[in-house]
Each structure stands twice: as structure tokens, then as C-alpha cells.
Amino acid sequence: MKRTLFLFLALLLAFSRPASAEEVSPEALQKEHVKADRKEQEVRKLDRVAGQLTRRIDRIESNIAALQRKIRSQERILNDIRESERAARQEHFALRKEKDRIHSELRGLLQSLWPVHMQNTRAKFQGIGDWASLDRRFAWLSDIYDATKGKFEEARVNYDRITRNLERQRILEEEAKIQLGRINGNKDTLLKNKYALRGKLGSIRKERRDAEAELNSILSVIEDIKYQLQSQKTKRFAYYKRSLPWPAQGRVVEGFAPNAKPPVRGIALSVGANSDVRSVFWGKVVHNDTLRGFGRVVIVYHGYDYYSLYAYLEDSYVRMGQEVEKDEPIGKAGYCPKANGPGLYFELRFHQKPINPRVWLTAQK
């Protein structure tokens with residue numbers, strides 16, 4: 001059964017080995033810094049573009065506000081023109097009424113003048129006995145002619161006023177409409193530009209958020225690499241020979257004997273009921289599952305091809321891929337056949353080969 005465990009672990013470690021601290025180097029850190037610098041430049045560039053677009057939108061909105069003020073002013077002018085036009089139409093109706101009055105008076109004068117004119121034409125001033133009578137008739141006729149002529153002139157002036165007034169109002173209204181249409185057209189163009197720029201600004205801002213997220217991811221990688229580089233100096237497994245803590249407090253019931261038949265590639269401990277099993281070093285969980293004949297097995301990778309194995313666990317407190325600290329509880333001891341009760345089977349491996357745990361663990365008190 002121990003041979004079965006050995007074969008299983010050899011395959012497991014061969015095919016599920018994580019990236020080791022040996023693969024982390026200052027050169028890798030430098031590459032990540034270069035990537036971060038490029039991404040940061042990209043973010044700054046996007047910030048500048050977004051700022052330019054924002055300023056353009058601000059200018060457009062300012063122009064739109066100015067045009068809206070012009071539109072309101074032009075609309076007031078147009079309303080004033082229309083008010084003036086309504087007043088001109090009222091004046092027009094008054095002038096037409098005056099014209100009708102003038103025509104009526106003119107007809108009356110003509111009706112008075114025409115019989116006299118016809119009589120004078122037929123009689124050739126017969127029946128007038130003296131010069132005084134003739135002078136009075138001449139003066140009367142002259143007054144009627146002058147009044148008639150004055151009414152004709154008044155009617156002509158009145159008609160000219162009506163014509164000029166209506167033409168002036170028509171021209172003013174047309175000019176106001178053209179100006180208002182031009183301003184509204186400019187406003188529509190600015191609004192289209194504004195909406196187009198807002199869409200572009202939204203796209204730029206999304207691109208910036210994506211670049212910023214990527215930058216944060218790169219910075220996180222940099223921090224992780226820095227941590228691993230530091231760990232290479234302070235958490236290197238090989239530096240802790242004869243100083244590792246025991247995975248559990250208990251009594252050794254089977255020692256390391258790789259040449260025995262069958263070989264014993266680790267140690268078995270008898271421990272108290274419900275005892276916690278702890279990781280002997282910093283590392284990452286690369287296996288956490290049950291194995292027939294060994295209960296639950298947890299394997300922790302410590303970098304530089306060093307592994308620790310904990311078997312016969314009743315339960316585990318960790319998950320696959322979890323980073324664990326030195327002396328952190330990773331599970332609870334279960335039934336161990338060699339201990340005939342609560343116990344633990346523990347191995348250390350280097351390059352997939354078992355090494356004697358007693359050489360690495362602190363001396364028992």
C-alpha cells in the first residue's frame with residue numbers, strides 16, 4: 001500500500017507542480033515594470049484625450065447656450081415684428097376705412113360738381129347778369145375743384161402708406177424667419193457634434209477603465225513578484241534544516257526507513273484526539289483529497305522542489321491553491337493504523353524523492 005502511495009504521489013507531483021520560486025527573477029520583475037510603465041503611459045494618454053474631448057464638449061455647450069440666447073432674442077424680435085404687423089394690419093384697416101370715407105366724400109363732391117360743370121358747358125355762362133355773380137360762381141367752382149383735387153391727393157397718399165407699411169412688415173418677417181432658421185440650423189449641428197463627442201468620450205473612458213484595470217493587474221503581479229523575490233531570501237526551505245516545527249504534538253510510532261521492506265518514506269505519529277495538524281513551512285496547497293488507505297491527504301509545495309505531505313487527516317481546513325503560513329493549521333488528525341488511534345503520517349520530499357523528516361524537524365523535547 002505504501003508503494004501505491006509512492007506511485008500516486010510521484011505522478012501527482014510530476015503533473016501538478018506549480019510555478020516555483022526558482023522561476024521568479026529580477027528580470028521578470030523588470031519586464032513587469034516595463035509593461036506597467038507602458039500601460040501607465042497609455043492611461044495618461046487616454047486621460048489627455050478624455051480631457052480634450054471634455055473641453056471640446058464644454059465649448060460646444062457654451063456655443064449652444066449662446067445660440068439659445070440668440071434664438072430667444074430672435075424669437076423676441078420676431079414676436080415684436082408680428083405684434084407690429086398686427087398693429088400695422090389694424091392701421092391698414094383704419095386706412096382702408098379712411099380711404100372709403102375719402103372716396104365717399106369725393107363722390108359727393110363730384111356729384112355736386114358734375115351738374116354745375118355740365119350746366120356751364122351748355123350755357124356758356126348765360127344768365128349771369130354782372131361780373132360779381134360771375135366772380136362768385138367762379139370762386140365757388142374753384143373751391144370745389146380744389147377740394148376734389150385735395151381728396152384725390154389724400155386718397156393717393158393714404159394708398160401709398162398702406163402699400164409701404166405692408167411691404168415693410170413682410171420684409172421684416174421674412175428676414176426674422178430666415179435668421180431664426182439659420183440659428184436653429186447651427187444649434188442642430190452643434191447638438192449633433194455634442195452627442196457624437198459624448199459617445200466618443202464614453203468609449204475613451206471605458207478604454208481608460210480597461211487600461212487602468214490592466215495596469216492594476218500588472219502592479220499586482222509586480223507586488224507578487226517582489227514578495228516572491230523577498231521570500232526567496234527569507235522563506236527558502238533549505239535554510240531551515242533542523243528548525244522546522246513538528247506537524248503535530250505526539251509520539252513517533254514509525255520512523256523513516258527507505259531501505260526497509262516495505263520501505264517507510266516518512267514518519268508516523270500518535271497524537272491526542274482532535275489534534276490540529278499544522279504546515280511545517282510557508283507554501284501553497286497543491287493536493288487536498290482522500291486517497292484509499294490513507295484517509296484525507298494534503299500536500300503543500302514550499303518552492304525549490306520541496307514538498308510536505310500529511311496523511312490520515314479526519315478533516316482539512318484548506319483548499320486547493322491556498323497559500324498557507326508556517327505553523328498554520330491545515331487539518332485535524334484522524335485514525336492512523338500505525339498509531340492504532342488518532343495519528344498522522346508525514347513525509348518531506350525533494351525533487352519528488354522522500355527525505356528524512358527527522359533531519360529537518362526540531363529536536364523533540
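The values are calculated or read from the model by the stated rules, or taken from the named source; none is laboratory data. For clarity, every value in this text was computed on a predicted model and none was experimentally measured. Methodologically, a virtual Cβ is constructed for each residue, glycine included, from the backbone with ideal geometry; neighbour enumeration extends over all protein chains shown. Keep in mind that these areas ignore ligands, DNA and RNA; they rest on the heavy atoms of the full protein, side chains included. Shrake-Rupley method; radii C 1.70, N 1.55, O 1.52, S 1.80 Å.
Restricting the search to region 167-195, which residues are at pLDDT 75 or above, over 14 Å from I71 (Cα atoms) and of a type in the set (A, V, I, L, M, F, W, C)?
I171 - this is the single residue of region 167-195 that is at pLDDT 75 or above, over 14 Å from I71 (Cα atoms) and of a type in the set (A, V, I, L, M, F, W, C).
As an exercise: evaluate P337 against (1) open to solvent by 30 Å² or more (accessible area, probe 1.4 Å); (2) touching a helix residue (DSSP H, G or I) at 6+ places or on another chain (Cβ under 8 Å) and give the number of the one condition it does not meet.
Evaluating P337 over (1) open to solvent by 30 Å² or more (accessible area, probe 1.4 Å); (2) touching a helix residue (DSSP H, G or I) at 6+ places or on another chain (Cβ under 8 Å) leaves (2) as the failure.
Go through region 270-307 and report how many residues are of a type in the set (S, T, Y), modelled with pLDDT of 90 or more and closer than 14 Å to Q352 by Cα.
Residues meeting the conditions: 3.
Every residue, every condition in (1) at pLDDT 75 or above; (2) polar (S, T, N, Q); (3) in a helix (DSSP H, G or I); (4) open to solvent by less than 40 Å² (accessible area, probe 1.4 Å), yes or no:
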site	(1), (2), (3), (4)
F93	yes, no, yes, no
R101	yes, no, yes, no
S104	yes, yes, yes, no
L110	no, no, yes, no
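If you check S231 against the conditions, is it modelled with pLDDT under 95, within 50 Å of the chain's Cα centre (by Cα) and among the polar types (S, T, N, Q)?
yes
If I filter region 306-316 for residues that are surrounded by fewer than 20 Cβ atoms within 10 Å (Cβ to Cβ) and assigned to a loop (DSSP other than H, G, I, E, B), do I get at least one hit?
No: region 306-316 contains no residue that is surrounded by fewer than 20 Cβ atoms within 10 Å (Cβ to Cβ) and assigned to a loop (DSSP other than H, G, I, E, B).
Restricting to region 244-271, give me the number of residues that are in a loop (DSSP other than H, G, I, E, B), out of contact with any Ser or Thr (no Cβ under 6 Å at 6 or more places or on another chain) and surrounded by 12 or more Cβ atoms within 10 Å (Cβ to Cβ).
The total comes to 11.
Any idea which of (1) within 51 Å of the chain's Cα centre (by Cα); (2) closer than 25 Å to P263 by Cβ; (3) part of a loop (DSSP other than H, G, I, E, B); (4) not charged (D, E, K, R) is the one G293 doesn't satisfy?
It is condition (1) that G293 fails.
How many residues are surrounded by fewer than 19 Cβ atoms within 10 Å (Cβ to Cβ) and either of a type in the set (D, E, K, R) or under 59 Å from the mean Cα position of the chain (by Cα) (or both) if we restrict to region 356-365?
3
Please determine, by comparing only the residues of region 340-355 that are open to solvent by 30 Å² or more (accessible area, probe 1.4 Å) and within 19 Å of A273 (Cα to Cα), which one is farthest from the chain's Cα centre (by Cα). Spell out how you get there, then give the answer.
Residues of region 340-355 that are open to solvent by 30 Å² or more (accessible area, probe 1.4 Å), as a first pass: 340, 342, 350-355.
Next, from what is left, pick out any that are within 19 Å of A273 (Cα to Cα): 340, 342.
Numbers: N340: 65, P342: 59 Å.
Per the criteria, the residue is N340.
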